[in-house]
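Working notes for the structure below.
The values are calculated or read from the model by the stated rules, or taken from the named source; none is laboratory data. Quick caveat: nothing in here was measured; it's all calculated off a predicted structure. Backbone-built Cβ (ideal geometry, glycine too); neighbour counts: all protein chains shown. Note: accessible area is taken over every heavy atom of the protein model, side chains too, but ligands, DNA and RNA are not part of it. Shrake-Rupley method; radii C 1.70, N 1.55, O 1.52, S 1.80 Å.
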Amino acid sequence: TARSVVFIFQSGGPSQHETVDPKPDAPDLIRGEYGTTQTGLPSVHFCEYLPKLAARTNMFSVVRTMHHIAERQFRNEHHSCHYLLHTGTTALPTGDTNASISRPRPGRITWPSIGSMIAYAAPTTGQIGLPAMVELPRARLMKYPGRESGLLGPKYDRLGVDLAAKCNAKDAAGSCPNCFSHDDPNLDPERAAGPGPKAWWDNSSCRKPDFHLPNLGVLDGVSLPHLMSRDVLLGQLEELRRGIDRADQAGRLAAWDAQRVQAMQILLASRPGRDNPFDLTQESDSIRDRYGREEWGQGFLAARRLVESGVRMVQVNLRGWDTHQNAFRDLKSKLLPSIDHALSGFLDDLAERGLLDETLVVMCGEMGRTPRISPISPNGKNASGEPFTPGRHHWGDVFPCWFAGGGIQPGRVIGRTDRHGGLPESEAFTPEDLAATIFHCLGIGSDREFHDTGGRPYRIHRGKPIRALL
């Protein structure tokens with residue numbers, strides 16, 4: 001029943017223990033510092049700092065046993081897991097390592113991202129004026145592998161937009177204006193973020209976190225009215241045509257023409273006003289407060305407006321979940337309250353507007369965190385010279401994923417992990433299954449194929465939909 005999907009990417013990999021799979025009876029070094037809260041489901045508990053979401057388990061389901069099956073050196077590293085998650089695959093391209101997958105490499109053959117596959121198999125109509133796939137709110141910071149169109153070609157690339165205020169944080173995490181770094185000083189007030197002379201970083205530029213419109217009105221010095229003149233535009237294209245070698249015209253001009261048409265649609269759809277999905281000033285104060293006056297909440301609000309406009313997939317990137325150090329300080333004071341408020345407001349608003357049934361919401365990171373809390377080395381200190389407090393390291397053997405709306409049966413917790421939350425004890429699911437679930441909910445059949453730029457056929461589904469969700 002889904003018409004669109006909102007994919008919420010918890011960049012860095014959230015801890016299963018500190019979210020939806022706590023282990024309160026485990027030893028201290030497994031359990032962690034937090035208590036639990038009862039959800040609306042019998043015998044199901046979440047972390048104590050997710051009370052709003054715990055009260056809304058009738059709106060979503062959770063899969064506790066997502067996992068990567070790639071080799072050990074791949075399933076515990078960011079670059080590799082970025083590629084695996086965003087392409088919905090279980091192996092890197094032939095010849096790649098965790099180090100090489102993040103860099104250009106001649107001859108690499110990459111699988112299309114889930115968003116590019118949706119753009120191919122469920123494109124937007126010509127009246128939408130926006131691409132099928134939009135990524136926000138800080139696209140320039142998210143140059144991770146797996147986000148490209150790969151075998152499908154550039155026609156199915158995503159539109160990445162920058163909407164958030166400038167951020168000066170070093171290794172920024174969390175949601176502006178609550179952004180922070182896991183390296184932030186803890187006890188030294190003079191080193192705290194701010195305009196002071198000894199501050200570790202100056203946060204004065206992002207204390208007003210309101211999103212701005214994407215800067216799409218000028219392209220290489222050409223104004224929007226200029227681009228809207230068909231005669232002028234055609235004249236410019238003819239000049240380009242004459243400047244390209246005849247032997248190369250067919251390929252380059254065809255690609256240029258497709259991107260020109262898409263760029264023109266984007267420009268015409270990005271003018272300020274009620275019909276511009278990026279213009280959050282059109283929303284009431286009560287709605288903006290419901291989502292949260294911070295980067296994550298505004299990202300969810302922009303996503304709602306984009307799916308209302310007909311965009312097929314919106315990816316909202318949430319930074320800060322790579323909690324190696326100072327984890328328990330930062331999760332309870334920053335990350336968990338932000339996601340608890342913003343996601344709850346988003347789900348409530350979708351439901352009240354009648355959009356939840358046709359909007360599939362998926363949230364996860366590229367991995368989980370180690371079941372055992374990792375000690376900090378004696379030399380592990382923050383910017384003020386204070387010792388770090390512990391956290392958890394990378395763990396691809398198990399991680400949670402949230403699902404809501406779009407044909408998903410709510411109120412289910414699927415999968416069981418071992419007593420330490422480190423391995424699946426019941427059926428486990430791969431990124432291929434995650435992708436297949438998304439495609440299924442969007443009505444993209446399991447027999448559907450695509451063709452690469454050379455005309456070779458490939459099957460879109462590589463995994464199987466998670467039936468317990470459907």
- line: Counting only residues that are touching a strand residue (DSSP E or B) at 6+ places or on another chain (Cβ under 7 Å) and among the aliphatic types (A, V, I, L, M), region 414-447 contains a total of 6
message: Please count how many residues of region 101-127 are open to solvent by 40 Å² or more (accessible area, probe 1.4 Å) and either of a type in the set (A, V, I, L, M) or more than 23 Å from SER309 (Cβ to Cβ) (or both).
response: 8
- request: Search region 278-299 for residues being touching a Leu at 6+ places or on another chain (Cβ under 7 Å) and buried (at least 23 other Cβ atoms within 10 Å of the Cβ), and hand back the single one that is farthest from PHE211 (Cα to Cα).
  value: TYR291
query: Would it be correct to say that LEU347 is open to solvent by less than 20 Å² (accessible area, probe 1.4 Å) and in a helix (DSSP H, G or I)?
result: yes
task: Tell me, please, whether a residue that is open to solvent by 20 Å² or more (accessible area, probe 1.4 Å) and under 20 Å from LEU85 (Cβ atoms) can be found in region 324-332.
output: yes
message: As an exercise: evaluate LEU41 against (1) under 14 Å from GLY391 (Cβ atoms); (2) surrounded by fewer than 24 Cβ atoms within 10 Å (Cβ to Cβ) and give the number of the one condition it does not meet.
response: (1)
task: Consider PHE388 carefully, then state whether it is surrounded by fewer than 21 Cβ atoms within 10 Å (Cβ to Cβ) and closer than 28 Å to PRO22 by Cα.
output: yes
task: Answer yes or no as to whether ASP96 is open to solvent by 70 Å² or more (accessible area, probe 1.4 Å), touching a helix residue (DSSP H, G or I) at 6+ places or on another chain (Cβ under 9 Å) and outside any helix (DSSP H, G or I).
output: no
message: TYR120 - would you say it is in a helix (DSSP H, G or I) and not small (Gly, Ala, Ser)?
response: yes
field: Test: residue in region 82-92 that is closer than 21 Å to HIS394 by Cβ, free of Cβ contacts under 8 Å to residues at least 24 places away in the same chain, hydrophobic (A, V, I, L, M, F, W, C) and out of contact with any Pro (no Cβ under 7 Å at 6 or more places or on another chain)
entry: yes
message: Looking only at region 165-199, filter to residues that are of a type in the set (Lys, Arg) and touching a helix residue (DSSP H, G or I) at 6+ places or on another chain (Cβ under 6 Å); which one of those is modelled with the lowest pLDDT?
response: LYS166
- prompt: Does SER149 satisfy the criteria of being polar (S, T, N, Q) and modelled with pLDDT under 90?
  reply: no
message: Given the condition in contact with a Gly (Cβ under 7 Å, 6 or more places away or on another chain), in a helix (DSSP H, G or I) and of a type in the set (Ser, Thr, Tyr), answer yes or no: does some residue in region 78-91 qualify?
response: yes
statement: Residues in region 99-117 that are outside any loop (DSSP other than H, G, I, E, B) and either touching a strand residue (DSSP E or B) at 6+ places or on another chain (Cβ under 7 Å) or closer than 15 Å to LEU434 by Cβ (or both) total 4
- request: Take region 150-186 and flag every residue that is polar (S, T, N, Q), open to solvent by less than 10 Å² (accessible area, probe 1.4 Å) and more than 16 Å from the chain's Cα centre (by Cα).
  value: SER181
message: Restricting to region 350-385, name every residue that is in a strand (DSSP E or B) and either free of Cβ contacts under 8 Å to residues at least 40 places away in the same chain or crowded, with 17+ Cβ neighbours inside 10 Å (or both).
response: THR359, LEU360, VAL361, VAL362, MET363, CYS364, GLY368, ARG369, LYS381
message: Contact list please: Cβ distance under 7 Å, first residue in region 21-33 and open to solvent by 80 Å² or more (accessible area, probe 1.4 Å), second residue β-branched (Val, Ile, Thr), pairs at least six apart or on different chains.
response: LEU29/ILE373
- request: Tell me which residues, restricted to region 187-205, are under 31 Å from the mean Cα position of the chain (by Cα), part of a loop (DSSP other than H, G, I, E, B), in contact (Cβ under 8 Å) with a residue 12 or more places away in the chain and surrounded by fewer than 17 Cβ atoms within 10 Å (Cβ to Cβ).
  value: ASP202
